Amino acid sequence: MTEINKEGSSQVSLNGGDSDGAYNFRKIEEKWQQKWKDSGIYKVANSSYKPKCYVLDMFPYPSGAGLHVGHPLGYIASDIYARYKRLKGFNVLHPMGYDSFGLPAEQYALETGQHPAVTTEKNIETFRSQLDNIGFSFDWSREVRTSDPKYYKWTQWIFLQIFNSYFCNTEKKALPISKLIDKYATRGSKYFTAEQWNGYSEKQQQDILMERRLAFIAYGEVNWCEALGTVLANDEVINGVSERGGHPVVKKKMRQWYLRITSYAERLLQGLETVEFSDAMKEMQRNWIGKSEGAEITFNIQRSTFSLQVYTTRPDTIFGVDFMVLAPEHDLVNQITTPEQKEEIAKYLEYTKGRSERERLAEVKSITGAFTGAYAINPFDSREIPIWISEYVLAGYGTGAIMAVPCGDQRDFNFAKHFNIPITNIIGDDYNGEEANPTKEAVLINSGFLNGMLMKDAIPVVLLKIEETGIGKRKVNYKMRDAGFSRQRYWGEPFPIIYKDGVAYAVDEKHLPVELPHVEIYKSGPEGKGPLANIHEWVDLGSGAERETNTMPGYAGSSWYFLRYMDPHNDAAFADKKVTDYWNQVDVYIGGTEHAVGHLLYSRLWTKILFDLDLISFDEPFKKLLNQGMIQGSSRLVFRFIPIPVEPGGYELIHKIKYPFPFIFVSINYYNKLIDEMGVDPREVLNIYLKNFSSFTISEEELEYYSFEVYPLRVDVNLVDGVELNINEFRKWRNGEYANATFILEDGKVLSFGEDLGEVKSKYICGVETEKMSKSKYNTINPNEIINKYGADTFRMYEMFLGPVEQSKPWDTKGIEGIHRFLKKLWRLFYDDIKGKIWNGEKASDAELKVLHKTIKKIEEDTERFSYNTAVSAFMICVNELTDLKCHKKEILEPLLILIAPYTPHIAEELWHHLKGSPENRDSEEVSILDASFPKLEPKYLVEAEKEYPVSINAKMRTTIKISLDASAEEVEKIVLQNEVVQKWMDGKPLKKLIYVKNKMINVLV
RNA sequence: GCCCAUGUGGUGAAAUUGGUAGACACGUCAGACUUAGGAUCUGAUGCCGCAAGGUGUGGGGGUUCGAGUCCCUCCAUGGGCACCA
């Protein structure tokens, strides 16, 4: 690693330390970051004669672990784009903030007693200082924090708009609930007349309205853990027990808030057509919404007035229905079960209840079910169909009942086989009796009026018949459920809701925000309520009025933050409509795929609702979405010999093994070589090395008790150079836990306690594993470390050079030297180590202009399509070529600096001012490079007169020939056929055909 | 099981429209300058081969004058969803 002096410039790159000629990145970066801050150059106005561009990052949750090198990948990408657009003459909004409500802070408070507000503030400070180091162009005057009362006042306000709206099924949009009330009062509804409505009590009316509100109350199941006294998120529950502590978790019904996102299913689906998201992202959202088209069919039940509705996507298989299956929770179960089957059904219900209480033990899924004794009648051929119940049918999807077609559906088939239900074959030879065949291509048999039809052709025929005869109707179904919108937690937005006589009422707008009260204790309230329920004086408002004690979930604040950035200090509205009209949609949104269905769907929903209520003028928030890949950590492993008892079950042998067993680490390749190539027993290997210990010897006899394993141990990546362990640092690690360790090196040499690597040429080589970057895996890299060594510009450019932004990749610092070298090389176009200033005002040659304009073209194209890794390579090519041309001309260098400024703003700004000011006065207040204009491409410099064509003979590349681009096809043919190499490979055979694609290639066929 | 994405040198990768595969870097090797080099510069570097040449983008097949790119099929890796009717 390069030694760096205190000023942060590379020690050797300069002549006499801090002379004029040095690329002193630390000094430059500090200077410009301060100047940019002082001048407020990143402040952006809400109006301009320039076109607008809104470039947004997904704001971070300020975790205690701070920023690691994975975070900035997306931020750098967006920063480059924002700076580029600014140079291109746009008024660019590029804000940043914090998603500062959330579970980890509350968890931390539970453990340490520190208030989330305090730890959050502290974490934000750390994040901010780390972000500042990288030199982003954020307009910090627009910072938002979701946990700030000034912010969540408007989260609550928007919630109330949602609460006070309903989805009009005719207009397919949200309307104020007052319109619905008017309608009920004047015209009534399907279910009641206006007179009836007006006669209802307040509570009756409110209950009816709750059925239509877009934010509504219902009773939903949560994961309740009695031992922890709290509600757990799904991912905190593993195999029916809590992740922490392993306590049992049961389902518990609780009053919950929901957002009626299902009403928007179709619009959320349609909206995907209008935005630029990746196909993968759109597909994920489509899967989540889960639209399917089919039919809802009514089956009458024999000897009963009840009927059964099923939903199917395959009405063509109606003649193959051999049984029906209801979800155990289905309403009809009790009503249709025959007396003889009552006991069996009751037993099965008992069983499923027990199952649902424990989070189902997923993997082994046995076939279970019970017969109700009742029969349904097939509406087409009047066959009697037994009705079963089984847990594989879910109450929440479709109608909670299915028609089972065993020859076409594997689950139905398994069920039929298991319970010996006869199977009807409706697809002839396409069914083999061994397994179901879900084809749509088979010809139907045993299917009444559908006989002889191809299944896929039969679908519209049977649908028509179903509708004609009134036994059912076409139906579009969505998998998506309404979104749970309340949490039994403390660190979130309180609901602006007050209950009177059990009816939920909105808090008056003028009392917003409902501030989160301070608490000292973060434990859950009684009966699984949130911690807020403990604060009686806050909850109880007297005369039967009580506050809602739930808080909003993490995604509440993040569902609309992009709007607040536009007008962050507005006290009168969440954002002024004139301002949201100006900034409009986010032009580019950059963030990780992990938010594919959560955050992105919810913010799309909120945007659509606000649009419907005429509060904003666009109904999709993000015009273009760019998913950055994950930066994985690269963990380093050392391998420790550990003793294990020789015989299985010989537990007492463990006591005969000497403890503490010394730390012996073996270099991985050497170990593998011993085992693989030489077939050595690891015990023998250890036996050899143990003899080197003076402090720890084992007799031959004792050794009998030992067997050995090599056990991997993660070591802090910062103690490893590439894969070579820094043994001295490692010995100091963790307060010297491994100070006495012995190392068996790559060549088999032993390095014992206290010995220095010194003259020994060998190394200790670590194993490598790529996994998630995480503190507990000792593989996090703090950007500050890289920036201290190489500077922010190098760091920024290196992250972009790693590969395509969208691609996940492991972090690796090898290669960063190349970027640093490049920046020094760029600097040397302006300053020579010995001669000092070498840039000049001479007139540029055509060759130099060609290099410049080639680069302009490439950078412009690549930046527009976010292909930053290739853009970086274009810069390298440009600097290499200018170096070869010995070009130090301002006419070339000045535009080049503008091109590179979005990528490496500090060095660009510094050199820009050198060019602009006189050498004696280089800090003069010239206009910043941030406000320069992007150089204009002059295609005339790129015009080529001739092209070196690749020439193939029989499709095999043999040579290249330079030919003028003006040459006619005949001339080309003549030139090619006269070429010696071509003649050699033609070998006297006659020309069959010559393929000539202008400006591409030539292929000679013989 | 279903859906999506990705497979290219020792490594990160490039090839934007079907047209010279491996740009640009890292690493490695050789050399220059130097008291020194972990600075800088020059050259080499897919694989096999002394060379001529052959071969090569996960495997197999196809379309085409021409395939990393298009089609079929199989395999591997990563991600998402999962008794979804």
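Structure notes:
- Residues of the range A:604-654 that turn out to be of a type in the set (D, E) and at pLDDT below 90, as a count: 2
- Answer residue from the range A:295-310, given it is open to solvent by less than 20 Å² (accessible area, probe 1.4 Å) and out of contact with any Lys or Arg (no Cβ under 6 Å at 6 or more places or on another chain) and is farthest from RNA strand B (Cβ to nearest atom) among those: A:I301
- Criterion violated by A:Y431 - all others in (1) in contact with a strand residue (DSSP E or B) (Cβ under 9 Å, 6 or more places away or on another chain); (2) away from RNA strand B (no atom under 13 Å from the Cβ); (3) among the aromatic types (F, W, Y) satisfied: (1)
- Selection status of A:W811, more than 8 Å from RNA strand B (Cβ to nearest atom), surrounded by fewer than 21 Cβ atoms within 10 Å (Cβ to Cβ) and aromatic (F, W, Y): no
- Within the range A:546-557, tally of residues that are among the small types (G, A, S) and open to solvent by 10 Å² or more (accessible area, probe 1.4 Å): 1
- Candidates in the range A:263-287 are the residues that are within 15 Å of A:Y478 (Cα to Cα) and in contact with a helix residue (DSSP H, G or I) (Cβ under 7 Å, 6 or more places away or on another chain); of these, the one that is surrounded by the fewest Cβ atoms within 10 Å (Cβ to Cβ) is A:R286.
- Considering residues of the range A:367-390 that are crowded, with 19+ Cβ neighbours inside 10 Å, away from RNA strand B (no atom under 15 Å from the Cβ) and of a type in the set (S, T, Y) only, the residue nearest to A:F415 (Cα to Cα): A:T372
- Applying a threshold of 7 Å to beta carbon distances and a minimum spacing of six or more residues, or different chains, the list of pairs starting in the range A:200-226 at a residue that is closer than 30 Å to A:H247 by Cα and touching a residue at least 12 places away in the same chain (Cβ under 8 Å) and ending at one that is of a type in the set (A, V, I, L, M, F, W, C) and assigned to a helix (DSSP H, G or I) reads A:I217/A:M210.
- Within the range A:493-512, considering residues that are part of a strand (DSSP E or B) and hydrophobic (A, V, I, L, M, F, W, C), the one nearest to the chain's Cα centre (by Cα): A:I497
- Take the conditions (1) in a loop (DSSP other than H, G, I, E, B); (2) in contact with a Phe, Trp or Tyr (Cβ under 6 Å, 6 or more places away or on another chain); A:E546 misses just one of them, which is (1).
- Yes/no for A:N999 being among the polar types (S, T, N, Q) and in a loop (DSSP other than H, G, I, E, B): yes
- Total residues in the range A:513-545, condition small (G, A, S) and buried (at least 17 other Cβ atoms within 10 Å of the Cβ): 5
- All positions within the range A:940-953 that are within 14 Å of RNA strand B (Cβ to nearest atom) and open to solvent by 80 Å² or more (accessible area, probe 1.4 Å): A:E944, A:E946, A:E948
- Residue pairs whose Cβ atoms lie under 9 Å apart, separated by 6 or more positions or on different chains, with the first residue in the range A:823-838 and closer than 17 Å to A:I28 by Cα and the second among the aromatic types (F, W, Y) and within 11 Å of RNA strand B (Cβ to nearest atom), are A:L823/A:Y23; A:K824/A:Y23; A:L826/A:Y23; A:L826/A:F875; A:W827/A:Y23; A:R828/A:Y23; A:Y831/A:Y23.
- Only one entry in A:K814, A:K850 is part of a helix (DSSP H, G or I) and charged (D, E, K, R), namely A:K850.
- Among the residues of the range A:854-891, those identified as charged (D, E, K, R), open to solvent by 40 Å² or more (accessible area, probe 1.4 Å) and either near RNA strand B (Cβ under 8 Å from one of its atoms) or under 30 Å from A:E276 (Cβ atoms) (or both) are A:K854, A:K857, A:K858, A:E860, A:E861, A:E864, A:R865, A:D884.
- Residue satisfying all of: in the range A:768-795; under 22 Å from A:Q33 (Cα atoms) and within 21 Å of the chain's Cα centre (by Cα); farthest from RNA strand B (Cβ to nearest atom) among these: A:N782
- Scanning the range A:520-541 turns up no residue that is in contact (Cβ under 8 Å) with a residue 24 or more places away in the chain, closer than 30 Å to A:D581 by Cα and in a loop (DSSP other than H, G, I, E, B).
- Sole exception among (1) at pLDDT below 90; (2) assigned to a loop (DSSP other than H, G, I, E, B) for A:P568, by number: (1)
- Number of residues in the range A:402-415 that are near RNA strand B (Cβ under 7 Å from one of its atoms) and surrounded by fewer than 22 Cβ atoms within 10 Å (Cβ to Cβ) equals 2.
- A search for C-beta distances below 8 Å between a residue of the range A:888-906 that is free of Cβ contacts under 8 Å to residues at least 40 places away in the same chain and any residue that is in a helix (DSSP H, G or I) and not charged (D, E, K, R), counting only pairs 6+ apart in sequence or on different chains, returns A:E894/A:W912; A:E894/A:L915; A:L897/A:A908; A:L897/A:L911; A:L897/A:W912; A:L897/A:L915; A:L897/A:I929.
- Test: residue in the range A:440-447 that is in a loop (DSSP other than H, G, I, E, B), open to solvent by less than 40 Å² (accessible area, probe 1.4 Å) and within 16 Å of RNA strand B (Cβ to nearest atom): no
- Each residue in the range A:588-619 was checked for being more than 16 Å from RNA strand B (Cβ to nearest atom) and crowded, with 20+ Cβ neighbours inside 10 Å, and 13 of them qualify.
Here's the yes/no breakdown for (1) more than 29 Å from A:A105 (Cβ to Cβ); (2) in a helix (DSSP H, G or I); (3) in contact with a His (Cβ under 6 Å, 6 or more places away or on another chain):
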site: A:F136; (1), (2), (3): no, no, no
site: A:I158; (1), (2), (3): no, yes, no
site: A:L180; (1), (2), (3): yes, yes, no
site: A:A185; (1), (2), (3): yes, yes, no
site: A:V222; (1), (2), (3): no, no, no
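One line per residue, one yes/no per condition, for (1) small (G, A, S); (2) farther than 30 Å from A:L228 by Cα; (3) touching a strand residue (DSSP E or B) at 6+ places or on another chain (Cβ under 6 Å); (4) surrounded by fewer than 18 Cβ atoms within 10 Å (Cβ to Cβ):
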{"position": "A:M96", "(1), (2), (3), (4)": "no, yes, no, no"}
{"position": "A:P104", "(1), (2), (3), (4)": "no, no, no, yes"}
{"position": "A:Q107", "(1), (2), (3), (4)": "no, no, no, yes"}
{"position": "A:I134", "(1), (2), (3), (4)": "no, yes, no, no"}
{"position": "A:W140", "(1), (2), (3), (4)": "no, yes, no, yes"}
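- For the range A:985-996, taking the residues that are part of a strand (DSSP E or B) and open to solvent by 50 Å² or more (accessible area, probe 1.4 Å), the one that is farthest from RNA strand B (Cβ to nearest atom) is identified as A:Y996.
- Filtering A:V982, A:V1006 for residues that are in contact with a helix residue (DSSP H, G or I) (Cβ under 7 Å, 6 or more places away or on another chain) and at pLDDT below 85 leaves a single hit, A:V1006.
- Cβ pairs under 6 Å, 6+ apart, first in the range A:34-51 and aromatic (F, W, Y), second surrounded by 14 or more Cβ atoms within 10 Å (Cβ to Cβ): A:Y42/A:S137; A:Y42/A:D139
The values are calculated or read from the model by the stated rules, or taken from the named source; none is laboratory data. Please read all numbers here as calculations on a predicted model, not as lab measurements. Using ideal geometry, Cβ is built from the backbone for each residue, glycine included, and neighbour counts are taken over all protein chains shown. Surface accessibility is based on the protein's heavy atoms, side chains included, excluding ligands, DNA and RNA. Shrake-Rupley method; radii C 1.70, N 1.55, O 1.52, S 1.80 Å.
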